[in-house]
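Every number here is computed from the coordinates shown, using simple stated rules; none is lab data. Treat the numbers as computed from the prediction; the structure is a model and nothing was measured. For neighbour counting, all protein chains shown are included, and Cβ atoms are generated from backbone atoms with ideal geometry for every residue, glycine included.
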Ligand code: SF4
Ligand code: SF4
């Protein structure tokens, strides 16, 4: 087998660098199995990131700030009566 046939890269051509730099996500997530759909978290959210549809509560990860700038800790987590495993960090 020739070397040329074993590689699609041409001589002198730099290797492509496939580097994905993942920013840490600043968001919380509601674990559906733990949520009792009480609704307490929704009005507590300063960024209106919590929505409810058909009794299922969700946090929009693209707008949730973990309450950074609004409170010392995630307010949804502070008011949630379902325990520490209901609203978790993404
Ligand atoms: S952490 Fe704060 S901003 Fe994010 S969903 Fe909970 S209350 Fe809203
Ligand atoms: S406060 Fe907790 S149990 Fe109540 S709706 Fe929000 S996530 Fe669910």
What percentages, rounded to whole numbers, describe P(r) for segment 23-90 computed over all alpha carbon pairs with 5 Å bin width beginning at zero?
-> 3, 20, 33, 27, 13, 3, 0
For the pair residue 36 and residue 63, how long in nm is the line joining their label points, each one 7 Å along Cα→Cβ?
-> 2.7
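Sort 88, 20 by Cβ crowding within 10 Å, fewest neighbours at the top.
Ordered by Cβ neighbours within 10 Å, fewest first: 20, 88.
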